[in-house]
Every structure is written in structure tokens, then in C-alpha cells.
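Just below is one structure, and these are the notes that go with it.
The values are calculated or read from the model by the stated rules, or taken from the named source; none is laboratory data. Everything quoted here is computed from the prediction, not taken from an experiment. No Cβ is skipped: glycine too gets one built from the backbone with ideal geometry, and neighbour counts run over all protein chains shown. Please note that ligands, DNA and RNA were not included when accessible areas were found on the heavy atoms of the full protein model with its side chains. Shrake-Rupley method; radii C 1.70, N 1.55, O 1.52, S 1.80 Å.
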Amino acid sequence: MNAITRPFMIANQWSTGEGEPFVSINPADGTESARIGVASKSDVDAAVRAARAAFDHPSWRALKQHQRAAFLYRMADLTAANKEVLARAQTADNGKSMNESRAQAASAADVFRYYGAVCESTESEITPQRGPSVTMTVYEPVGVVAAITPWNSPITIEAQKLAPIIAAGNTVVLKPSEVTSQVALEYARLYIEAGFPEGVVNIITGAGDVGRMLVDRPDIDMISFTGGTKAGQMIAESAGRRLIPVVLELGGKSPNIVFADADLKRAANVVADGIFSGSGQSCIAGSRIFVQREIFDGFLDSLVTASEIHFPQYPENPSAISGAMSSFHHRDLVAAFVDRAKLDGGRVVIGGEILRGGDYDKGAYYPPTIISDVTNQSRIAREEIFGPVAAIIPFVDEADAIAQANDTDFGLAAGVWTSDFAKAWRVGRALRAGTVWINGYKEGSISAPFGGFKRSGIGREKGVAGMRSYMQAKSMYWRIE
Ligand code: NDP
């Protein structure tokens, strides 16, 4: 084991904390990849105090937009230059293939660059005069933001969360998932190297109780959380008591709808990618696949063939698309869902068993799994599994597809496959989800706002709207008559 404890960062200073460090396990082979320092209550207090002091300090507060943007451009350059280090940190913690981790690091650099551009080009508004005053609306930072992130894709999620918070002029305390602390600690190093004034970005590590201590602090101004719906509800309650704003990016159970008139070959490949890439550990995974009844059997065959390339491999293999599950514990939860679906009468078309034998015995691997003979009411179609498990369900016509797709507690994303443009528009507009892809799936653009309907969340990240989420509007009346 690597005996050195990785410290967390408060006000550009490193500290291992007073508590017992915890060990991060590499799920690809079960080895111990790092020891991580655990923040105590006094560390959480110190981080929030540092963020508050930085928010009030002219070295940050008085910066003009283009000066603040310069920090984000430096982060973009540093993220690109450290692509390999970030990718290795993520793969060591959550078992993602190196190919995917590298691609995410490249896209994270673009995220910092995009928010640098948004930061320096955002304008205030002069609104139509209706009385004796000129009216203007200016947008100001909210203050100290507590940010909490999950384990599935920390390279991209931590860039998408912190870049707009910073661009808006706030200061931040980030608590990453205990499963994937190493990416955040690599970012911490880059924030220092980029020359951020002390206290603007603080990164503390530990488990969920550190996150709870952070979000319960009375003197934070906003909470931005990405994670499961249960934790999101607890955080919203805590924020509600203090009436502070939240951005909540939560879970999903997204429908991918294939009509008989679609380009079925392309649809099969992209629908398989939509659920099986990243071993299904994605909030937008298309885990409910609805297929028009007359093409159901043929499409299922194509989907089985298209799923083959997603069979998990050791993450460092040059050809690996999908790697390990994020942890042994999570792999077992996914397996339990599938076992339960079998008992409920589901038919396992492919996959359905923990991978064992050879190198698979050392790590946490689960294969692409398709379950048929289930309805949209079955547990496998209602609860988020967050693994490579798809329920495939037939539908009769457009109205039936929309009704089944919308019959869910979640509303994060959806896909529609058809060659009929008018139908694509009708169905896309009828779906209750924050993102809808037509003849595609899982494509991500940093300029398009992202977030959930229903229990998939509150607020939006990404795009200009993503920066505005961390600002408050102030209207100024300037009497001229
Ligand atoms: P969790 O909700 O379990 O945890 C998310 C983060 O919150 C972790 O850092 C966790 O710490 C922390 N945490 C847990 N409980 C609390 C609490 N009461 N107060 C403060 N912090 C808390 O989610 P997972 O990490 O398991 O991630 C998977 C979930 O994230 C899925 O539901 C997925 O859909 C969702 N997700 C949503 C995305 C979106 O953009 N909508 C994107 C990616 C994932 P620790 O882990 O250290 O205990």
C-alpha cells in the first residue's frame, strides 16, 4: 500500500487532518490505491471560513470579469496538460476505462475554457424604461457555495460544477465522493498552480458525514449537489430550513424509444452505448428501452450484437471501452437488482451474473445485461440501478410510448428514434425530461443547459444558464426625470 496519506486543501494549504485516513480501493484489481485524509468538523469550519474571507476580499471580489476569466483559462490549460494524471486518478478510484477517463479530461479542459469565455462576455441588461428611472439588471455572485459530487465521473462533474461557480464570482468548498477523492485532489493542485487567491477554492475529503457537516453549516449561501435522489432530498430539507438556494442534479431512469421507422442499425449501436458505456454508471443512462412491438424481436437481436463491445475489460487495456464497476459494494448492489428481477419473472437475455474467473476474480466486473418480459411497473424499470442493466419493453404506438416513458418518478433524459420529423418533434416535446436526444443519445454539449424534471433535480448546470444558477439578479433604478 502507498503509506503516504493524500492531504486535502484549505486556502491553498495542504492538511491531512487529525482523523484516521481512509483507504481508496482500486476496483479493477482490489489493490489499495491511496490513503486519503479525513476532514474533521474544525477542518470543515476552517474551509468555510476561508471561502467567506476570500469572497469578501478585494483580491477576488474586485476582479473584473476578464480578470476572473484568466484564472479559468489557466485551469483549462493546466487540465489539458495534466490529462493523463487526472485520467489515472479517476481510473484508479472508480475503474473507468483509461480511454473514457482521458476523453473526460480533454472535455473538462474545454469546460474551463468555455466558462472563461462566458465569464468575460456576459452582459448586464438595461430593461425597458416604464417610469422616471432607467432600469438595469445586474447579476451578482451568491457567495460561498458548498459543492458535493458523486463518484461516477468526477473529472467532468467537478469541472462542470466548479467552473460556473467560479465564473460567477463565488467562492467554493468542494467535498468529493469518498470513493473518488483523488481527482479532486489533483484539481486542488491545479487550482493552486493556476494562482487562485487563497480560499477561493477549498477541497476537503472524507465520507458522507463530512458532506453533511458542510451543507449544514449556517453560514454557507448555496448548495450545489450531484448525487442520488435520497441524499438530494436531505440536502434540500437542510437548505429549506435556511432558505438558501440549491442546484440538485439527481438520479434518472431514462427512456430510449425506438419506433419501427427508425434507422435500426444505428439505433441499436447508440442505444447500447446509451446504457452500457461506463458500465451504466451514468445518471443519463438509457436504462428503459421501449421498442415498437412489430420490430421488437429483431431489434433485441441487434441490441445483443451491439452490446458486445461494451463487455468490461481491465481499464488499462488499450481496447477497453468499459472497465470495472466503481466498487465491489456497488457491483453487488447491481447484481442484487438483477437477481430480484429474475425472481419477479424477468428473462435475462444477456449478462445477469457477476463476472468471475481469471483476472475478473480480482476486481469488480459486471457485464452488459438485458432483461425482457418485464413491464414498466416492475422494480427493474422503476428504480435507478446505476449499472449496465437495461429493461427492454414493447410499446404499441406513439401515445403508448409517451405514456410509458413519462410514467416514472424521474425526468433527467430521454431518446427518440424515428425517421418521421413531425413525430420526433411531437414526442420530444411530450417527454417530461430535461434533455431529449432525437436520433442520438448521450451526446453532451457544455453550452446546452442540463438538469432534471421531477425527482431528477432542481436547477440547471452547463450553458450560460449554468452560470446564472450561481448568481442573483439585482435590479437598479436610476432616476433621470
Ligand atoms: P450519493 O447521493 O450517495 O452521494 C453523492 C455525494 O454526496 C457523495 O459525495 C456523498 O459522500 C455525499 N453525501 C451523501 N449523503 C449526503 C448528505 N446527507 N449530505 C451531504 N453529502 C452527502 O450518490 P453516489 O455518489 O452514489 O452517486 C450516484 C448517484 O449520483 C446516482 O443516483 C446518479 O444518478 C447521481 N448522479 C447524477 C448526475 C446528474 O447530473 N444528474 C450525474 C452523476 C450522478 P460519500 O460518497 O463520501 O459518502
Evaluation of ALA239 against (1) within 25 Å of ALA163 (Cβ to Cβ); (2) open to solvent by 10 Å² or more (accessible area, probe 1.4 Å) (one fails), failing number: (2)
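Yes or no, residue by residue, for (1) assigned by TED's automatic domain parsing to the domain that holds CYS283; (2) closer than 22 Å to ASP273 by Cα; (3) among the charged types (D, E, K, R):
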position	(1), (2), (3)
ARG379	yes, no, yes
ARG382	yes, yes, yes
ILE393	yes, yes, no
ALA403	yes, no, no
LEU412	yes, yes, no
THR418	yes, yes, no
Set LYS454, LYS423, LYS474, LYS462: member being crowded, with 19+ Cβ neighbours inside 10 Å and basic (Lys, Arg): LYS462
Region 432-451, residues that are surrounded by fewer than 23 Cβ atoms within 10 Å (Cβ to Cβ), more than 14 Å from the ligand (Cβ to nearest atom) and in a loop (DSSP other than H, G, I, E, B): ARG432, ASN439, GLY440, GLU443, SER445, SER447
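So how many residues does region 6-49 have that are of a type in the set (S, T, N, Q) and more than 30 Å from ALA320 (Cα to Cα)?
Filtering region 6-49 for residues of a type in the set (S, T, N, Q) gives 12-13, 15-16, 24, 26, 31, 33, 40, 42.
Now drop any that are not more than 30 Å from ALA320 (Cα to Cα), which leaves 12-13, 15-16, 40, 42.
So the count comes out to 6.
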Considering residues of region 285-323 that are in contact with a strand residue (DSSP E or B) (Cβ under 9 Å, 6 or more places away or on another chain) and of a type in the set (Phe, Trp, Tyr) only, the residue surrounded by the most Cβ atoms within 10 Å (Cβ to Cβ): PHE290
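So, GLY278, is that one in contact with a strand residue (DSSP E or B) (Cβ under 9 Å, 6 or more places away or on another chain) and crowded, with 18+ Cβ neighbours inside 10 Å or not?
Working: in contact with a strand residue (DSSP E or B) (Cβ under 9 Å, 6 or more places away or on another chain): no; crowded, with 18+ Cβ neighbours inside 10 Å: yes.
For GLY278, the condition - in contact with a strand residue (DSSP E or B) (Cβ under 9 Å, 6 or more places away or on another chain) and crowded, with 18+ Cβ neighbours inside 10 Å - is not met.
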Count of region 176-188 residues which are free of Cβ contacts under 8 Å to residues at least 60 places away in the same chain and open to solvent by 10 Å² or more (accessible area, probe 1.4 Å): 1
Some residue of region 245-256 being more than 10 Å from the ligand (Cβ to nearest atom), surrounded by fewer than 18 Cβ atoms within 10 Å (Cβ to Cβ) and not assigned by TED's automatic domain parsing to the domain that holds ILE370: yes
Pair list, Cβ under 7 Å, 6 or more apart: region 375-388 residue over 14 Å from ILE284 (Cα atoms) and open to solvent by 70 Å² or more (accessible area, probe 1.4 Å), other residue assigned to a loop (DSSP other than H, G, I, E, B) and of a type in the set (D, E, K, R): ARG379/ASP344
Condition met for PHE410 (among the aromatic types (Phe, Trp, Tyr), within 15 Å of the ligand (Cβ to nearest atom) and open to solvent by less than 40 Å² (accessible area, probe 1.4 Å)): yes
Qualifying residue in region 330-344 (condition: surrounded by 15 or more Cβ atoms within 10 Å (Cβ to Cβ), of a type in the set (Lys, Arg) and at pLDDT 95 or above): yes
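Could you check region 239-293 for strands (runs of 3 or more DSSP E) lying wholly inside it with 3 or more residues that are farther than 30 Å from VAL144 by Cα and at pLDDT 95 or above?
Working: elements: 246-249, 255-258, 288-292.
Where strands (runs of 3 or more DSSP E) fall fully within region 239-293 and carry at least 3 residues being farther than 30 Å from VAL144 by Cα and at pLDDT 95 or above, they are 255-258, 288-292.
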Restricting region 192-212 to residues that are within 16 Å of the ligand (Cβ to nearest atom) and open to solvent by less than 10 Å² (accessible area, probe 1.4 Å), the residue that is modelled with the lowest pLDDT: GLY206
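Between ASP221, ASP216, which is more than 26 Å from ALA381 (Cα to Cα), open to solvent by 20 Å² or more (accessible area, probe 1.4 Å) and more than 10 Å from the ligand (Cβ to nearest atom)?
On the way: ASP216 fails: more than 10 Å from the ligand (Cβ to nearest atom).
After applying the criteria, what remains is ASP221.
Of ALA106, ALA117, ALA92, which residue is open to solvent by 20 Å² or more (accessible area, probe 1.4 Å), away from the ligand (no atom under 16 Å from the Cβ) and more than 19 Å from LEU72 (Cβ to Cβ)?
One residue alone meets the criteria, ALA92.
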Spans of strands (runs of 3 or more DSSP E) in region 102-181 with at least 3 residues closer than 28 Å to ASP219 by Cβ and assigned by TED's automatic domain parsing to the domain that holds ALA87: 133-141, 144-148, 171-175
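May I ask you to verify whether VAL334 is touching a strand residue (DSSP E or B) at 6+ places or on another chain (Cβ under 8 Å) and more than 16 Å from the ligand (Cβ to nearest atom)? I'd like the intermediate steps shown before the answer.
Working: touching a strand residue (DSSP E or B) at 6+ places or on another chain (Cβ under 8 Å): yes; more than 16 Å from the ligand (Cβ to nearest atom): no.
The answer is no for VAL334.
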